[in-house]
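A.B. asks: The structure that follows is given in the form of structure tokens.
All of the numbers you see were taken from the coordinates with simple rules; none came from a lab. Computed from a predicted model, the values in this text were never measured in an experiment. Reconstructed Cβ throughout: ideal geometry from the backbone, glycine too, with neighbour counts over all protein chains shown.
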Amino acid sequence: MTTTAAPLLEVTGVTMRFGGLTAVNDVSLTVGEGEIIGLIGPNGAGKTTFFNCLTGLYVPTEGTVRYRDVQLPPKPHLVTQAGIARTFQNIRLFANMTVLENVLVGRHTRTKEGIFSAILRGPGYHRAEAESRAKAMELLEFTGLADKAEHLARNLPYGEQRKLEIARALASDPGLLLLDEPTAGMNPQETRAAEELVFAIRDKGISILVIEHDMRFIFNLCDRTAVLVQGQKIVEGDRETVQNDERVITAYLGAPLEEAAPAAEGTTPAAPEDTK
Ligand SMILES: Nc1ncnc2c1ncn2[C@@H]1O[C@H](COP(=O)(O)OP(=O)(O)O)[C@@H](O)[C@H]1O
Ligand SMILES: [Mg+2]
């Protein structure tokens, strides 16, 4: 049957105010099946806040978020269950758990047993465990971390911690993955590898919405890119559209994006802040 399918993700008029500050201002955005969509903008533009509105961490002041044509309740676990997974700008791993255990935690939304059973090793745990471990190991293979499965997460280099966050997010079997600055702290080689990883995720049938500062990364990957400035979406489109837009150039302090890319790549990013 051919019907006009609704987009996978449909965000309509999302506004987020914190007291007098409008961090996200009437932003609408869609992500279709199989798409990789970019979200860029200067620091403080509201990108992470927008992700928080999509994933139930914040209840938007206004606007709606629909996923697979169903309006999402602003509750993180329900959003994950619906099929949206995310990574954080500030890596959120269980530092003293192993790499494998971190992925197993990401899996718990999809197992009957759940996290408490996993911790308590109650009845049903051992049956579900073998299956979950196999799936988690598959994801570690996929992200190139299999040989580190038994390492403590905190002992991984930064770039691999970011990959582990992605593996953990994928463990919830998402249909849409939100990546918040996935290459922050990565060297250029790791960044190129991360591009391949994002394409491989898309090839598994998972759509992607990605926040990133590295313009080359964004334009290599994305079917469309939206630009957020002071909470507002000022432009959305392909590489040409975004790069040639006067408002985008102004927002990036007049630096042409083509020249901004290699500079951004060679710069060591600032240490992540705690609230994101
Ligand atoms: N929980 C919060 N309370 C108050 N202000 C917030 C909160 N979260 C974000 N902000 C503000 O919203 C603005 C957008 O922040 P953020 O979404 O982190 O930007 P970006 O990810 O684009 O760098 C900033 O001014 C930030 O200080
Ligand atoms: Mg941010």
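A.B. asks: Once amide H atoms are built 1.01 Å from N in the peptide plane, which residues 5 or more positions from Thr15, or in another chain, come under 5 Å H to H?
C.D. replies: Result for Thr15 returns Asp26, Val27, Thr61, Glu62, Gly63.
A.B. asks: Test of understanding: given the chain, find the longest segment containing no GluC sites (Glu not before Pro) that are in a DSSP loop and have at most 14 other Cβ atoms within 10 Å. Could you put the intermediate results ahead of the total?
C.D. replies: Details: sites that count: Glu33, Glu150, Glu273.
The segment 151-272 is the longest one with no such site.
A.B. asks: Okay, moving on. More than 15 angstrom separation, counting every C-alpha pair in region 1-78; what % is that? Before the final figure, lay out the partial values.
C.D. replies: On the way: 1714 of 3003 pairs.
Value for region 1-78 (Cα pairs over 15 Å): 57 percent.
A.B. asks: Mind telling me which of Ile36, Ile211, Ile234 comes out most flexible in a GNM of the chain, alpha-carbon contacts under 10 Å?
C.D. replies: Of Ile36, Ile211, Ile234, the Gaussian network model singles out Ile234 as fluctuating most.
A.B. asks: For the pairs Lys75/Lys163; Lys47/Lys75; Lys163/Lys204, note any where the Cα-Cα span goes beyond 23 Å. Kindly include the intermediate steps, with their values, before the conclusion.
C.D. replies: Values: Lys75/Lys163 25 Å; Lys47/Lys75 19 Å; Lys163/Lys204 16 Å.
In this structure, Lys75/Lys163 exceed 23 Å between Cα atoms.
A.B. asks: Name the most mobile residue of Ser207, Ser132, Ser172, meaning the one with the largest mean-square fluctuation, in a Gaussian network model of the chain with Cα contacts below 10 Å.
C.D. replies: Ranking Ser207, Ser132, Ser172 by mean-square fluctuation puts Ser132 first.
A.B. asks: From the gyration tensor of the Cα coordinates in region 92-173, what semi-axes in whole Å does the equivalent ellipsoid have, largest first, with each one equal to sqrt(5λ)? Intermediate results must be reported in sequence, preceding the final value.
C.D. replies: On the way: eigenvalues 88, 31, 22 Å².
For region 92-173, the ellipsoid semi-axes come out as 21, 12, 10 Å.
A.B. asks: Short version: ³J(HN,Hα) in whole Hz for each residue of region 199-206, in order, from phi by Karplus 6.51 cos²θ - 1.76 cosθ + 1.60 (θ = phi - 60°), x for Gly and Pro, what are they?
C.D. replies: For region 199-206, the Karplus-derived couplings read 4, 5, 5, 4, 5, 7, x, 9 Hz, x marking Gly and Pro.
A.B. asks: Please list, in chain and number order, the residues 5+ apart from Glu33 or on another chain whose amide H is under 5 Å from its amide H, with Hs placed from the backbone.
C.D. replies: Close amide H contacts, sequence-distant or interchain: Leu8.
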